[in-house]
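Participant: Sharing a structure below in structure tokens format, with a few things to ask.
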Amino acid sequence: MQFLYHELAKDATLTLDAKAYSHVLKVRRAKIGDRLFVRNMIDDILYEYTITSINKKYANLDLIGEKYLKIEAEKAIHVGWCVVDPKMIEKTLPFLNELGVSTISFVYCEFSQQQFKIDLDRLKRILINSSQQCGRSHLMHLEVFDTLAAYVARYPDSKIIDFSENRLKNETDGTTFLIGCEGGFSSAERDLFPPEKRVGLQTPMILRSETALLSLCSHLLT
């Protein structure tokens, strides 16, 4: 663990909640006088605290120092992802977080199963746990669009990853790409994107949605 998340990090004193208490005191076996690095994941400050008291239910920390330490990917990566099974999203999200994706726009397209609901609070908890491990200093931004048309209205320059001879090039800085769900895009949805905005990956294989997304983000990092 690179740091501990606490929404009130920077306050002079902190109290650990039950989950953090269990990890710090029972798993890491920290004791009074030990030091912990804590982030609020809003600013770029790494706060240093010392454990001042422990009882059976909580622990108190006192702030003893801080330093500026911004950790993020060199490139700002924004991707759209047509909604798939939330279980698959939850499994894939930590990998995308480690790759440094800055924003994910979840989009309900025609082939998305509408009963799938995006639980943003749960995804935030997954991102926090991942960031504590990889050291990322800011939370990824998540947003949801009810239709593909709404997404296109917000991001008119977005391209889609689809079956196309127009292969993904290296000149991709600042470009948003949309990945379809299982089954891809309908004909009506493809018509929202002119041919030059339909881009294929460098593979003849049919990729699952999450595989295509991870491949895309890995490419965008290079």
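Participant: Of (1) 6, 24, 26, 22, 15, 5, 2, 0; (2) 7, 28, 28, 21, 12, 4, 0, 0; (3) 7, 30, 28, 17, 12, 5, 0, which one was derived for P(r) over Cα pairs in 10 Å bins from 0, in percent from the structure shown?
Facilitator: Label (3) holds the value from this structure.
Participant: Return a single number: how many Lys pairs in segment 4-68, at a sequence separation of 8 or more or on separate chains, have alpha-carbon atoms below 19 angstrom apart.
Facilitator: Final tally of qualifying lysine pairs is 8.
Participant: Tell me, how many Å apart are the Cα centres for segment 19-43 and for segment 44-116?
Facilitator: Between the Cα centres of segment 19-43 and segment 44-116 lies a distance of 18 Å.
Participant: Using only the Cα atoms of segment 4-68, build the gyration tensor, take square roots of its eigenvalues as a ≥ b ≥ c, and label the shape rounded, prolate or oblate: rounded if a/c is under 1.5, else prolate if a/b is larger than b/c, else oblate.
Facilitator: It comes out prolate by the Cα gyration axes.
Participant: Kindly count the pairs of lysines across segment 77-221 whose alpha carbons are less than 20 Å apart, treating pairs on different chains or eight or more residues apart as eligible.
Facilitator: So the count of such lysine pairs works out to 7.
Participant: While we're on this one: Could you tell me the relative contact order of the chain? Use alpha-carbon pairs under 8 Å, at least six residues apart, and round to a whole percent.
Facilitator: 20 percent.
Participant: Which of the cysteines found in the chain have nothing to pair with, since no other Cys Cβ lies under 4.7 Å from theirs?
Facilitator: Unpaired cysteines in the chain: C134, C217.
Participant: Reachable aspartates and glutamates from K75, Cα under 15 Å, same-chain residues fewer than 8 places away excluded?
Facilitator: Reachable aspartates and glutamates: E98, E171, D173.
None of the figures in this text is laboratory data; all of them are computed from the coordinates on show. None of these values were measured; they are calculated from a predicted model. Neighbour counts run over all protein chains shown; Cβ positions are idealised from the backbone, glycine included.
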